[in-house]
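Some notes on the structure that comes next.
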Amino acid sequence: MKVLVTGGAGFIGSAVVRHIIRDTDWSVANVDKLTYAGNLESLADARTSNRHCHFKVDICDRAALDAVFQEVRPDAVLHLAAESHVDRSIDGAAPFIETNIVGTYTLLEATLAHWRSLDEEARARFRFQHISTDEVFGSLGATGQFTETTPYQPNSPYSASKAASDHLVRAWHHTYGLPTLATNCSNNYGPYHFPEKLIPLVILRALAGESLPVYGKGENVRDWLHVEDHAEALTLVLRRGRPGETYNVGGDSERKNIDVVRAICALLDEMLPGSTNRPHEKLIRFVTDRPGHDARYAIDASKIKTELGWRPRHSFDSGLRDTVRWFLDNRPWWERVMSGAYRGERLGLSS
């Protein structure tokens, strides 16, 4: 199978590409315009595989997309390209509207044209799979979980843009018959994670002996999913999911943000017994909360488990330990990332 992956140099996208090259015989056409968070080094050995090729293309560029489709003639599309950081969307929503909404529309149009050009048998096999987030559902109270039928209630510019893209994908299926699949996932973590997100940010700031900013009182709850488990879920949905259906993907690992930060500090204390920053927990600083900060997310992943047989392989405790160790062992990767446009600054303070 030939798969076109958008955003394949990003955090989740690169995990998907690595998984495909390592664990399947598929080939990958990686469409990524390499913004600040896109990094071909995150592809590891997949980058040099003869089953992987990269196209530096913006998904908003219809002519460039058409050229890629014409050259690759893919059997499926995995759409992961997106602006993804809530704080950045607060500081400036325009790139999120452009990439997540206009880009998804442009990709859908290019995909529809390609799909219509296929013969009947190839059209029946073809799939367009859209990868989204649990943040489109809004905020939960102390109990309950998001299901595939939870009403949408996005509360940030980021989640609103992803909600819009979800609706576009649904509409292209119901209106034009494009065989689409969609997934909504909980918070991902793991190796090659861009350092503006909570877990890598805390690890790297702690290594530098810098303060560890925690929003509000750190009581916000997230459900954590290891990125490699997510990658396996996505390819399973692509192979066995029913067109027109949505599947929630979660790690069954709810944690308060402050508990995640403290767990990272404890792991660094253990792994770096000679560090002058021990105990790392002394670096925690509570800061002004993010505007519109959702209180709690939790995913009910029973549908993908029951229908497709997927289960996460990583517990949060083991996955977090492996992630901290990965960042300790892969300093050259994150040092090159940190030497670019990102400096570990606090984002999302715009009024």
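Only residues that are free of Cβ contacts under 8 Å to residues at least 60 places away in the same chain and more than 16 Å from Asp223 (Cβ to Cβ): list them for the stretch 285-306, please.
Thr306
Look at Thr104 and say whether it is touching a Leu at 6+ places or on another chain (Cβ under 6 Å) and either of a type in the set (Phe, Trp, Tyr) or crowded, with 21+ Cβ neighbours inside 10 Å (or both).
yes
More than 22 Å from Arg88 (Cα to Cα) and under 15 Å from the mean Cα position of the chain (by Cα): does that describe Ala15?
yes
How do the pairs read when you match residues in the stretch 4-17 that are closer than 14 Å to Cys185 by Cβ with residues anywhere that are of a type in the set (Asp, Glu) and assigned to a helix (DSSP H, G or I), using Cβ under 8 Å and keeping only pairs 6 or more apart or on different chains?
Hits for this filter: Ala15/Glu228.
Take the stretch 32-70 and flag every residue that is part of a helix (DSSP H, G or I), among the charged types (D, E, K, R) and in contact (Cβ under 8 Å) with a residue 12 or more places away in the chain.
If the condition is that a residue be part of a helix (DSSP H, G or I), among the charged types (D, E, K, R) and in contact (Cβ under 8 Å) with a residue 12 or more places away in the chain, then Glu41, Asp45, Arg62, Asp66 are the ones that fit.
Run Asn220 past the list (1) closer than 22 Å to Met1 by Cβ; (2) in contact with a strand residue (DSSP E or B) (Cβ under 9 Å, 6 or more places away or on another chain) and report the number of the one that doesn't hold.
The failed condition is (1).
Consider Asp317 carefully, then state whether it is modelled with pLDDT of 95 or more, outside any loop (DSSP other than H, G, I, E, B), surrounded by fewer than 13 Cβ atoms within 10 Å (Cβ to Cβ) and not small (Gly, Ala, Ser).
yes
For the stretch 285-300, what are the residues that are among the aliphatic types (A, V, I, L, M) and either surrounded by fewer than 17 Cβ atoms within 10 Å (Cβ to Cβ) or out of contact with any Asp or Glu (no Cβ under 7 Å at 6 or more places or on another chain) (or both)?
Listed by number, the residues that qualify are Val287, Ala295.
Give the residues of the stretch 149-171 that are of a type in the set (S, T, N, Q) and surrounded by fewer than 21 Cβ atoms within 10 Å (Cβ to Cβ), sorted by residue number.
Thr149, Thr150, Gln153, Asn155
The values are calculated or read from the model by the stated rules, or taken from the named source; none is laboratory data. None of the values given here were measured: they were computed from a predicted structure. Using ideal geometry, Cβ is built from the backbone for each residue, glycine included, and neighbour counts are taken over all protein chains shown.
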